[in-house]
Amino acid sequence: MPDTSTLTGRPPSASHLTLSQIMDQHHTNLMGTVHGGRILNLIDSVAGVVAARHSDGPAVTAAIDETAFLRAVRVGDVVHVDARITWAGRSSMEVAVKVSADRWDRAVPPVDVATAHLVMVAVDDHGYPRAVPPLRPETDGDRRRYREAHIRREHRLALRRALLDGGDEA
Ligand SMILES: CC(C)(COP(=O)(O)OP(=O)(O)OC[C@H]1O[C@@H](n2cnc3c(N)ncnc32)[C@H](O)[C@@H]1OP(=O)(O)O)[C@@H](O)C(=O)NCCC(=O)NCCS
């Protein structure tokens with residue numbers, strides 16, 4: 001079991017990242033808007049960078065919570081993928097991601113596109129979980145997000161246990 005006791009805590013601001021990208025025609029669906037899989041790919045990639053920054057090494061995606069797509073993204077829109085660590089355990093981290101978009105043809109504030117919470121697990125050279133630094137929330141927002149992330153973790157672990165317990169029918 002990873003031992004985190006010797007690691008110094010880090011604030012979410014140390015790994016926070018926003019990636020902005022113009023959407024092109026290579027990732028459209030049959031409707032001509034941007035494919036949801038493209039947005040999920042960006043979410044997963046940016047969450048991976050944030051987890052790697054916090055933990056000083058590679059991290060894999062263990063879970064992605066239910067993701068709602070609130071609005072369609074169009075070719076030419078500038079998508080912003082904003083990711084921050086909300087919670088860290090022994091080897092796992094929760095990363096919260098918010099996706100918004102600037103419409104290419106209108107000077108209006110960015111619209112919300114999607115939100116997601118991911119569990120990233122830091123791994124060593126052999127793919128086994130390794131220890132991550134504790135998270136040191138700094139702001140009231142960091143502390144609120146930490147409490148909420150802890151609740152989501154309890155739910156995920158309960159679900160995981162329940163699925164494993166009832167596991168061999170199918
Ligand atoms: C993620 C992975 C390394 C976990 O390995 P494991 O042997 O199950 O390790 P553990 O059971 O000790 O879990 C490690 C940590 O992840 C957490 N975790 C694992 N699965 C989780 C889930 N579904 N939800 C929430 N937390 C989870 C555990 O709670 C533990 O957290 P902690 O160390 O902070 O207490 C392993 O399952 C794996 O390699 N999965 C494939 C990942 C991958 O390839 N992703 C890319 C998509 S294809």
Please work out which one of (1) surrounded by fewer than 16 Cβ atoms within 10 Å (Cβ to Cβ); (2) more than 16 Å from the ligand (Cβ to nearest atom); (3) not in a strand (DSSP E or B) is the condition Asp112 fails and give its number. (3)
Pairs with Cβ under 7 Å, 6+ apart, first in region 152-170 and near the ligand (Cβ under 9 Å from one of its atoms), second modelled with pLDDT of 90 or more and of a type in the set (Gly, Ala, Ser): Arg156/Ala63
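Report yes if some residue within region 55-62 is surrounded by 23 or more Cβ atoms within 10 Å (Cβ to Cβ), touching a residue at least 24 places away in the same chain (Cβ under 8 Å), not charged (D, E, K, R) and not in a strand (DSSP E or B); otherwise report no. Step through it out loud before you land on a result.
Of the residues in region 55-62, the ones surrounded by 23 or more Cβ atoms within 10 Å (Cβ to Cβ) are 55, 59.
The next check asks that each one be touching a residue at least 24 places away in the same chain (Cβ under 8 Å); those that pass are 55, 59.
If we keep only those that are not charged (D, E, K, R) as well, we get 55, 59.
Remaining after also requiring not in a strand (DSSP E or B): 55.
Yes: region 55-62 contains one or more residues that are surrounded by 23 or more Cβ atoms within 10 Å (Cβ to Cβ), touching a residue at least 24 places away in the same chain (Cβ under 8 Å), not charged (D, E, K, R) and not in a strand (DSSP E or B).
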Please specify each residue of region 31-49 satisfying the condition of being surrounded by fewer than 16 Cβ atoms within 10 Å (Cβ to Cβ) and within 14 Å of the ligand (Cβ to nearest atom). Gly37, Asn41, Ser45
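Quick check on Asp140: is it more than 10 Å from the ligand (Cβ to nearest atom), loosely packed, with under 12 Cβ neighbours inside 10 Å, within 21 Å of Arg10 (Cβ to Cβ) and of a type outside the set (A, V, I, L, M)? Before you say what the answer is, go through the steps one by one.
Details: more than 10 Å from the ligand (Cβ to nearest atom): yes; loosely packed, with under 12 Cβ neighbours inside 10 Å: yes; within 21 Å of Arg10 (Cβ to Cβ): yes; of a type outside the set (A, V, I, L, M): yes.
Taking the combined requirement at face value, the residue satisfies it.
Residues that are surrounded by 15 or more Cβ atoms within 10 Å (Cβ to Cβ), under 30 Å from Asp3 (Cβ atoms) and not small (Gly, Ala, Ser): does region 95-108 have at least one?
As a first pass, look at region 95-108 and keep what is surrounded by 15 or more Cβ atoms within 10 Å (Cβ to Cβ): 95-103.
Restricting the remaining residues to those that are under 30 Å from Asp3 (Cβ atoms) gives 95-97.
Cutting the leftovers down to not small (Gly, Ala, Ser) gives us 95, 97.
Yes.
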Report, by residue number, each residue of region 96-110 that is in contact (Cβ under 8 Å) with a residue 24 or more places away in the chain and closer than 12 Å to Val81 by Cα. Ala96, Val97, Val99, Ala101, Asp102, Pro110
Which condition does Thr18 not pass, out of (1) touching a residue at least 60 places away in the same chain (Cβ under 8 Å); (2) more than 14 Å from the chain's Cα centre (by Cα), if it passes all the others? (2)
Only residues that are in contact with a Lys or Arg (Cβ under 8 Å, 6 or more places away or on another chain), in a loop (DSSP other than H, G, I, E, B) and more than 13 Å from Ile39 (Cβ to Cβ): list them for region 63-101, please. Asp65, Gly89, Ser91
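Yes or no, residue by residue, for (1) closer than 23 Å to Pro137 by Cα; (2) away from the ligand (no atom under 16 Å from the Cβ); (3) among the small types (Gly, Ala, Ser):
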{"residue": "Pro2", "(1), (2), (3)": "yes, no, no"}
{"residue": "Pro11", "(1), (2), (3)": "yes, yes, no"}
{"residue": "Leu17", "(1), (2), (3)": "yes, yes, no"}
{"residue": "Asp24", "(1), (2), (3)": "no, yes, no"}
{"residue": "Asn29", "(1), (2), (3)": "no, yes, no"}
{"residue": "Phe69", "(1), (2), (3)": "no, yes, no"}
{"residue": "Arg74", "(1), (2), (3)": "no, yes, no"}
{"residue": "Ser92", "(1), (2), (3)": "yes, no, yes"}
{"residue": "Ala107", "(1), (2), (3)": "no, yes, yes"}
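The values are calculated or read from the model by the stated rules, or taken from the named source; none is laboratory data. Note that the structure is predicted; figures quoted are calculated from it, not measured. Cβ sites come from the backbone with ideal geometry, for glycine too, and all protein chains shown count toward neighbours.
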